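One structure is given here, and the rest of the page talks about it.
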Amino acid sequence: MTQALSLAPALDKPQVPGAAPRADTHVTIRGLSKAFAGQPLYTDLDLDLPRGKIVSTFGPNGCGKSTLMNMIAGLMPMDKGEILFDGKTLAQTKIGYVFQNYRDALFPWMSARANIAYPLVRQGMSKADANARVDELTQMFDIRFDLNRYPYELSGGQQQTVCIMRALAPRPEVMFLDEPFSALDFEMTLFIRDKLQEVQLATGVTMLIVSHDLEDAVFLADEILLLTRRPTQIAEIVPFDLPRPRGAEIMSHPEFVRVKAHTLEVFRREMAL
Amino acid sequence: MTSHWSSRLLPLIGPLLLFLLWQLAVSAQWLNPVLLPSPLETLGFMFQSFSEPSMRTDIASTLYRTLAAFAFAAAVGVPLGVILGSSEKVYRSLEFLIDFFRSTPSSALIPLFMLIFGISDANKIAIAAFAAVLVILFNSAYGVMNAKKTRLMAAKVMGISRWHIFKDILLMESLAQTFVGLRTGVSIALVIVIVAEMFIGSENGLGHRIIDAQQVFNIKDMYASILITGALGYLLNLAFLLIEKKTVHWSSQA
């Protein structure tokens, strides 16, 4: 196979297999392999996700951005490899997951409030404590709509906000977001971007976001994880350290423009291969 | 205002047209008047018959049999369907049987049930329950099988136990489809009860009344009983729709 060679000039593999993780690592992925119908998607992938940072994943269609995230979150089995969260297994780790399709992710037979409290109640938390936690999140998100309504009575953006609150309720260590904005209008995207940054600053939760929109991917990220076409490898990890909270105005900031242009260039190069 | 009122009256147009056509057929003598009394006569007879004890008994017996059959069918069909639906392998291995008997007209089994249960009330209830149980069962099973994958994944990420995923999510997800099954089931039960009352020796019931009236050429009674049977079916369906709307309030939205 020539895929490794052909990518060689661009390839900047962050660590050799089995290498010790970076100092501030939260999630370590080692030797991850996954094939679909005999076609390898990932072969022996090593990746570190930094603690308390937002990593955006971006890459060509079908490169397996969501597959990678779903394997880390345990929603899809991997063929081979090991994923550890601070040395712990997934079963020992609290995670949160926000789905692209909020309509299908929420439980329509429960009010928004009951949806957010559900994971807490099922973990054995008392009703009063769960309610207090929901109130805390309501404050944090500055919620103005009535949480006693059913999800289908809320707008799309409100539903996605409820999804994010539900994912955050059990105080997860790692939060996964699968194209959280793709079904939202621009106004709502701006609102949720703001809230996610605030929450991240307040809680220090590690976040992994999959995005098909380059601007979204760069805007929120501390690091942009660029993937190649399949068989997928890491094309580059681009740091982006403009201070937070970042408002919509940073989209015209020279550093934002530079990083966006650079990621686009890497993306183009990967597409051309 | 006027448009509001006229749109509210729209549903009445169909029945009115039918009665006009009916009256026309009688007035123009398209049919032998012995075979077709006028709509007003028929309706008059029908309302008058409500005060007759025999009519009340007949309505009550048919309603009792239908509801009893339905209750048996629901008590067996819903839990069984949910269990079958939560294991795709079990469902697939029984799918052919379910589909086969669902496609078999239950009336074809009436003689067989007569051999087993004799000419009793239990027989009519059993055959109607059998007809209803399969449609209820397979709707519940499909309700569970078609549960939204995203919801199950969301629960999995939360670390919810299998039992709670079943109870909190699969069961709730299946409700909308289960109600479709229940509504269809009660209609089927009524159909089979009427047929059974006609052909399995019966002393009462609307089916018995219809065929009796026809035998003795009491045409008005026959038409009135047919209309009452139709109203019964319509009201049962309506009642279930209302319960459904209240219970599965999210089904039309989500």
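I'd like the Kirkwood hydrodynamic radius of region A:152-235, using the inverse of the mean 1/r over distinct C-alpha pairs, in Å.
About 13.9 Å for region A:152-235.
Taking a quarter of the surface of the convex hull around the Cα atoms of region A:104-172, what do you get in nm²?
Projected over every direction and averaged, the Cα hull of region A:104-172 covers 4.3 nm².
Return the percentage of antiparallel bridges among DSSP beta bridges fully within region A:159-273, rounded to the nearest 5 %.
The answer is about 50 percent antiparallel.
Count neighbours as other Cβ atoms within 10 Å of each site's Cβ, and list the chymotrypsin sites (Phe, Trp or Tyr not before Pro) in region A:103-188 that are DSSP loop with at most 16 such neighbours.
Taking region A:103-188 and a limit of 16 other Cβ atoms within 10 Å, the loop chymotrypsin sites (Phe, Trp or Tyr not before Pro) found are A:F145.
Given the protein assembly as shown, what percent of its DSSP beta bridges are antiparallel, to the nearest 5?
So the antiparallel bridges in the protein assembly as shown amount to around 50 percent.
About its Cα centre, how strong a charge dipole does the protein assembly as shown have in debye, to the nearest 20, once Lys and Arg get +1 and Asp and Glu get -1 at the Cβ?
About 540 debye.
Quick one: divide the alpha-carbon radius of gyration of region A:68-130 by 2.2 N^0.38 Å and tell me what you get.
After normalising by residue count via 2.2 N^0.38 Å, the value is 1.39.
Express the relative contact order of region B:47-247 as a whole percentage, based on alpha carbon pairs under 8 Å and six or more residues apart in sequence.
Reported as a whole number, the value is 28 percent.
Against the globular-protein guess of 2.2 N^0.38 Å, express the Cα radius of gyration of chain A as a ratio, rounded to two decimals.
Computed over Cα atoms of chain A, the ratio equals 1.02.
Under a 5 Å amide H to amide H cut-off, with H placed in plane at 1.01 Å, what residues pair with A:A235 once short-range neighbours are removed?
For A:A235, whose amide H was placed from the backbone, the distant partners under 5 Å are A:L226, A:L227, A:T228.
Which helices count as membrane-span-like in chain A under these terms: full DSSP H, at least 15 Å along the axis by C-alpha, Kyte-Doolittle mean of 0.0 or more?
A:112-122, A:156-168, A:186-203
If you take the Cα Rg of the protein assembly as shown and divide it by 2.2 N^0.38 Å, with N the number of residues, what do you get?
1.36
Between B:K245 and B:N218, what FRET efficiency follows from the Cβ-Cβ distance if R0 is 41 Å, with the result rounded to 0.05?
0.55
On average, how many beta carbons from a partner chain sit within 10 Å of the beta carbon of a residue in B:156-166?
Partner Cβ neighbours, averaged per residue: 5.
Just to verify a number: FRET efficiency for A:L264 and A:M76, C-beta to C-beta distance, R0 = 30 Å, to 0.05?
About 0.55, to the nearest 0.05.
Once you list every other residue whose beta carbon is under 14 Å from the beta carbon of A:A105, what net charge do they have if Lys and Arg are +1 and Asp and Glu are -1?
+2
Does chain B come out rounded, prolate or oblate by the C-alpha gyration tensor, with a ≥ b ≥ c the root eigenvalues, rounded set by a/c under 1.5 and, if not, prolate when a/b is larger than b/c and oblate if not?
Judged from the Cα gyration tensor, chain B comes out oblate (a/c at least 1.5, b/c at or above a/b).
Just how large is the dipole of chain B about the Cα centre, in debye to the nearest 20, putting +1 at every Lys and Arg Cβ and -1 at every Asp and Glu Cβ?
That gives a dipole near 1120 debye.
With runs of 4+ DSSP H residues as the only contributors, calculate the mean residue ellipticity of chain B at 222 nm using -39,500 (n - 2.57) per run, divided by the residue total and rounded to the nearest 500.
One gets -26500 deg cm²/dmol as the mean residue ellipticity at 222 nm.
Taking every residue in A:244-253, how many Cβ atoms of other protein chains lie within 10 Å of its Cβ, on average?
Average neighbour count from other chains, rounded to a whole number: 0.
Which order, highest average first, do B:186-194, A:187-195 follow once you tally other Cβ atoms within 10 Å for each residue and take the mean per peptide?
B:186-194, A:187-195
On the first, second and third principal axes, largest extent first, how far apart are the outermost C-alpha atoms of region A:33-182 in Å?
48, 32, 26
Take every residue in peptide A:105-118, count the Cβ atoms of other chains within 10 Å of its Cβ, and give the average of those counts.
4
Taking the Cβ of each residue in B:Y234, B:Y142, A:Y97 as the centre, tally the other Cβ atoms inside 10 Å and list the residues starting with the fewest.
Listing B:Y234, B:Y142, A:Y97 from fewest to most nearby Cβ atoms yields B:Y234, B:Y142, A:Y97.
Are there any helices in chain B, counted as whole DSSP H runs, that stretch 18 Å or more along their axis by Cα and score at least -0.5 on average by Kyte-Doolittle, and if so which?
Those that pass (Cα extent of 18 Å or more, hydropathy at least -0.5) are B:2-27, B:53-86, B:88-103, B:121-145, B:171-199, B:219-247.
What ranking, highest mean first, results for peptides B:119-127, A:50-58, B:53-61 when packing means the other Cβ atoms within 10 Å averaged over each residue?
A:50-58, B:119-127, B:53-61
Of all DSSP beta bridges in chain A, what percent run antiparallel (nearest 5)?
50
For B:R102, put the label point 7 Å out on the Cα→Cβ axis and report which residues of region B:125-154 keep their amide N under 14 Å from it.
Taking a point 7 Å out along Cα→Cβ of B:R102, the residues of region B:125-154 whose backbone N falls under 14 Å are B:131-146.
Taken together, the values in this text are just the output of simple stated rules run on the coordinates, not laboratory data. In this text the structure is predicted, and so the values were computed from the model without any measurement. Glycine also receives a Cβ, built like all others from the backbone with ideal geometry; neighbour counts cover every protein chain displayed.
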